[in-house]
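These notes are about the structure you will find just below.
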Amino acid sequence: MSQTETPSPTLRTEPADPSLEIIILLIFGLFMALFGVLLFWIYRGDLSYAPDSTHGLFLVLLSFQAITLGKTPFGDFRHSWLLVALGTVGAITGMVGCFIPGLLHEPLRLLVGGLLTAGGLTLLLGLLVARDKARLWLRGPAPLWHLTLAAGLVYALTLVAGLITLFPDVLPTALTAPLLIACGASFFYLSGALRQVRRLYPPTTLPAAAIGPRVSPSGGGEPSGGPALAGGPKPAGPGISSFPRPLGGEASLSLGTALILLLAILLGLLGLLLFPVGLGLLPFSPDGQLGLILVLMAIQILALGDTPAGRFRRSGWLILAGMGFAGLGIFSSIVPGVLTGSLQILLGLMNLGGNLLLLAGSLWPRGHRGPGADPGTLPLPSPLRKLAVTQTLLYLVGIAFGLSMLLPGLVPLPAIAGILILNGGLLFQLALILRQLEGVTRPAF
């Protein structure tokens with residue numbers, strides 16, 4: 001994964017558009033629709049199918065939503081550190097499914113199918129029974145009516161998708177594929193309805209009720225841990241705390257930090273698994289690995305504007321690019337062997353080129369201070385110094401990783417595993433530093 005997609009240690013206060021909830025809905029919709037389309041060729045035998053990486057990627061997305069937003073297939077829960085811990089366990093399970101085919105085949109299928117079935121049924125009943133949901137919304141303006149219809153469609157079709165996952169031979173392909181395409185379309189419909197409702201109602205006045213199998217209109221569009229990282233640092237306040245200890249406490253984890261932690265886990269776990277893979281003790285799925293990396297990169301682009309070449313304003317073109325990367329990652333996870341070489345070259349070039357650019361950008365000002373530079377400028381605070389050093393090391397490791405992807409035959413597998421483990425450790429260190437800076441810059445209410 002490109003290390004250049006790590007957020008800067010600054011804060012922005014304006015809400016993101018589209019919000020993380022809408023982004024996740026779009027990715028789920030793309031996943032379901034693309035899966036349904038590909039099933040026509042898969043069942044004809046024209047394309048191969050990787051169920052483990054398909055289910056693993058879906059479980060990682062569910063876990064990511066729980067970690068960042070406190071939202072699960074069963075609705076909203078208190079965004080506690082316990083939920084973050086459970087989401088992390090789910091993400092690791094999904095990653096193992098993406099990397100090692102056959103190891104968790106049945107558990108992954110049953111887990112994903114059970115979550116979709118039970119979650120869809122629970123939320124559909126809640127939508128129909130609760131007084132503050134369907135019956136209230138249908139008496140409101142048109143956007144709320146569309147929200148009710150979209151939510152009902154998503155819940156019902158999610159329930160059907162779960163049953164298909166649990167009992168794959170119940171329906172013929174002629175029905176399964178269109179149902180998955182319809183499920184994807186319902187997610188797109190829900191994302192549009194949610195966006196319209198958020199334009200109509202301020203976040204504080206939006207009716208509090210679950211509106212998606214993993215999304216609810218509560219909150220203002222940002223993760224409950226605070227706004228996404230991006231603006232200028234504020235003066236340091238008293239006390240810099242690290243991750244809170246009590247698991248039941250409120251998890252103030254920002255989107256940027258959560259993404260970095262997931263990448264740290266992904267790369268560290270991948271590096272550790274490569275040792276038994278190199279000894280022939282475990283199989284390995286390069287397509288599942290590449291697909292998962294691309295989807296996480298797409299989330300960074302869509303939610304934060306972070307690209308391999310740095311951070312950019314989230315324009316329409318950048319949103320389209322992020323959805324394109326997500327589509328490539330989903331395709332690679334579902335259909336192995338088609339894009340393997342191309343995606344490996346693409347990720348290698350992005351890691352190499354992006355980290356070279358950022359490394360040059362980070363070093364250039366240090367050696368070219370203008371004549372007006374103030375010689376008495378105070379040194380950077382300790383967290384910022386650590387941040388600069390950690391980011392520089394990440395750039396160097398990212399360059400090495402990019403070269404290893406472009407020249408796979410020249411770099412021995414143990415060396416690649418070591419690079420990945422070092423990369424994961426540095427990303428975890430970066431997350432800790434950003435967590436400290438968030439504690440400094442977070443305003444007191």
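What the table below lists for this structure:
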quantity: Failed criterion for Pro283 (all others in (1) surrounded by fewer than 18 Cβ atoms within 10 Å (Cβ to Cβ); (2) modelled with pLDDT under 85; (3) not acidic (Asp, Glu) hold); calculated: (2)
quantity: Qualifying residue in region 313-336 (condition: assigned to a loop (DSSP other than H, G, I, E, B), more than 18 Å from the chain's Cα centre (by Cα) and modelled with pLDDT under 90); calculated: yes
quantity: Leading residue by the ranking (modelled with the lowest pLDDT) among those in region 1-53 that are hydroxyl-bearing (Ser, Thr, Tyr), closer than 30 Å to Val397 by Cβ and assigned to a helix (DSSP H, G or I); calculated: Thr4
quantity: Gly56 more than 30 Å from Thr148 (Cβ to Cβ) and not in a helix (DSSP H, G or I); calculated: no
quantity: Qualifying positions in region 182-207 - surrounded by fewer than 20 Cβ atoms within 10 Å (Cβ to Cβ), aliphatic (A, V, I, L, M) and modelled with pLDDT of 90 or more; calculated: Ala182, Ala185
quantity: Matching residues in region 161-181 - criterion: being more than 18 Å from Leu38 (Cβ to Cβ), at pLDDT 90 or above and of a type in the set (A, V, I, L, M, F, W, C); calculated: Leu163, Leu166, Phe167
quantity: Criterion (in the same structural domain as Val277 (by TED's automatic domain parsing), over 30 Å from Pro286 (Cβ atoms) and assigned to a helix (DSSP H, G or I)) met by exactly one of Leu86, Leu128, Leu115; calculated: Leu128
quantity: Checking Ile345 against (1) part of a helix (DSSP H, G or I); (2) in contact with a Gly (Cβ under 7 Å, 6 or more places away or on another chain), the condition it does not meet; calculated: (2)
quantity: Residue that is surrounded by the fewest Cβ atoms within 10 Å (Cβ to Cβ) [pool: residues in region 60-80 that are of a type outside the set (D, E, K, R) and touching a strand residue (DSSP E or B) at 6+ places or on another chain (Cβ under 8 Å)]; calculated: Phe77
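The values are calculated or read from the model by the stated rules, or taken from the named source; none is laboratory data. Small disclaimer: the values here were computed from a predicted structure and weren't measured. Reconstructed Cβ throughout: ideal geometry from the backbone, glycine too, with neighbour counts over all protein chains shown.
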